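Worksheet for the structure shown next.
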Amino acid sequence: MSRKKKELPVFEEVTITDVAAEGKAIARVNDFVVFVPYVVPGDVVDLKVTRKKHHYAEAEAIHFHEYSQKRVKPFCQHFGVCGGCKWQCLDYKEQIKYKQQQVVDNLTRIGKIELPEIYPIIGSEKVMEYRNKLEFTFSNKRWLTREEIEQDVHYDQMNAVGFHIPEAFDKVLAVEKCWLQDDINNQIRNAIRDFAYAHDYAFFNLRTQEGLLRNMMIRTSNTGQLMVLIQFKISNEQDKIRKNELLTYIADKFPQITSLLYVNNDKCNDTLEGLDVKVFKGADHIFEEMEGLRFKVGAKSFCQTNTGQAYNLYKVARQFAGLTGNELVYDLYTGTGTIANFVSRQARQVIGIEYVPEAIEDAKMNSEINGIKNTLFFAGDMKDILTQDFINEHGRPDVIITDPPRAGMHGDVVNTILFAEPIRIVYVSCNPATQARDLSLLDAKYKVMAVQPVDMFPHTQHVENVVLLEKREL
């Protein structure tokens, strides 16, 4: 005998009070905290609970009694379905207020350290078309929206190119227009889609791992250059012919593409790691520019996806570093060496360390392109490279700039920094929660002197934060 499924409640006329993690908002009902997507503080709604735990619940808004004054009309037709840009319904001025508070809350509640007054967040000048990179997935399992399902009709075209639906890895939303990048992304993606439809190309099946078209990446740059990379799974000679036909079509239709690339990917994921990227037309890279410096960006390069705000971020990091031209600087998690090269003019020497070997090669190339002679770069796991022996060999840094991934710094790295005892540490973070944890570990020897939040991703909950630490006088 099967257990009867418990019916979940509906809460009526609930006022949304705050924002929370993952782009959701918060309501409080009796002793419950309820997390709700696509609503903003001040909305008064009826909530249908979708998941219930002991002290919290998740719900969706099924009826609005009042709309908040902080609410704005979303500009994207895919809002609420694709899973991205969850704060489009919240006025941007309010978004950055909440991001500022997120930084304050994390540093105080998790870090539990003495803090100076936190500088006002640097908002993004562009709140649409601010990204320089997007990736789209080809799938033969198109996600049907609620409206499409309710129409109860048969759909002949179930292929799609777009974004993965959250928590449904094999379903892809067919994207018609995305506002995250220059409109060229829509023109190219939709042209490829239409060509593939017209010529009966096989879109990838994420479960069976079959199909010719897998993934596409589009990069733009502030130099006007444009990169397109298509991932195929080539299984036979006919696939090779079709691959060439599609790439020829793209090259002819979009002559502004300066780097047209492709890979044959028979792995179980779409990462480019271990894949041989081939050039169909143009160069294997594009360039970004900052203050006259040119930075090479390849298909596998990691670089900040909001170029304008990245420049503001790097200027803050350089200012906090307080360089006079005499300092030895360590740039940890250097990526393609953008920060290292950006601050090199004001330093005696900069040493960059990064896990990804291809990124280090790009970093070296960026120094060479710009005639920079005072940088050294090393590839390897940070905790293995940055050791006491490394510091004894290359010198104790006067300044350490660190920009780790979302997980923050490994404990061994923190301990080595404490051993190195630089005068200043500039900690750039994309996750103030893990940054706060690391700051508490550094607190015994270092005092936080300045905090500058920077918004890199409008309409999302994400926020970058730069912290200056100075060695305590013990």
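We did not get these values from a lab; they are worked out from the coordinates using the rules stated. Being a predicted model, the structure only gives us computed values, none of them experimental.
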All aspartates and glutamates inside 14 Å of LYS86 as judged from Cα atoms, apart from same-chain residues fewer than 8 positions distant: GLU22, GLU60, GLU94
Cα centroid separation, segment 186-204 to segment 50-94 (Å): 32 Å
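Can you give me the convex hull volume of the Cα atoms of segment 168-212, divided per residue and expressed in Å³? Before the final figure, lay out the partial values.
Values: hull volume 3.8 nm³, N = 45.
Each residue corresponds to 85 Å³ of Cα convex hull volume.
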Antiparallel DSSP beta bridges within the chain, percent to nearest 5: 70 percent
Entry for percent of Cα pairs over 39 Å apart (calculated from the structure that is shown) out of [x] 31; [y] 62; [z] 18: [x]
Relative contact order of the chain, pairs being alpha-carbon contacts under 8 Å that are 6 or more residues apart, as %: 13 percent
Overall Cα dimensions of segment 133-290, principal axis frame, Å, largest first: 50, 37, 28
Euclidean distance between Cα centres, segment 455-474 to segment 352-370, Å: 24 Å
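A 20 angstrom limit on the alpha carbon distance is what I want to check against. Which of LYS99/LYS126; LYS267/LYS364; LYS233/LYS278; LYS52/LYS97; LYS24/LYS300; LYS171/LYS243 exceed it?
On the way: LYS99/LYS126 17 Å; LYS267/LYS364 29 Å; LYS233/LYS278 14 Å; LYS52/LYS97 30 Å; LYS24/LYS300 32 Å; LYS171/LYS243 24 Å.
Exceeds cut-off: LYS267/LYS364; LYS52/LYS97; LYS24/LYS300; LYS171/LYS243.
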Segment 38-50 - phi-based ³J(HN,Hα) in whole Hz, Karplus 6.51/-1.76/1.60, Gly and Pro as x: 6, 10, 10, x, x, 5, 10, 9, 8, 10, 9, 5, 10
Estimated 222 nm signal from helices in the chain, with DSSP H stretches of n ≥ 4 weighted -39500 (n - 2.57), rounded to 500: -7500 deg cm²/dmol
Set of lysines with alpha-carbon distance to LYS447 below 18 Å, sequence-local pairs under 8 removed: LYS112, LYS471
Alpha carbon centroid spacing (whole Å) that separates segment 411-429 from segment 246-302: 35 Å
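If you wrap a convex hull around the Cα atoms of segment 361-474, how much volume per residue is inside, in Å³? Show your work: numbers first, answer last.
Working: hull volume 15.0 nm³, N = 114.
In segment 361-474, the Cα convex hull volume per residue is 131 Å³.
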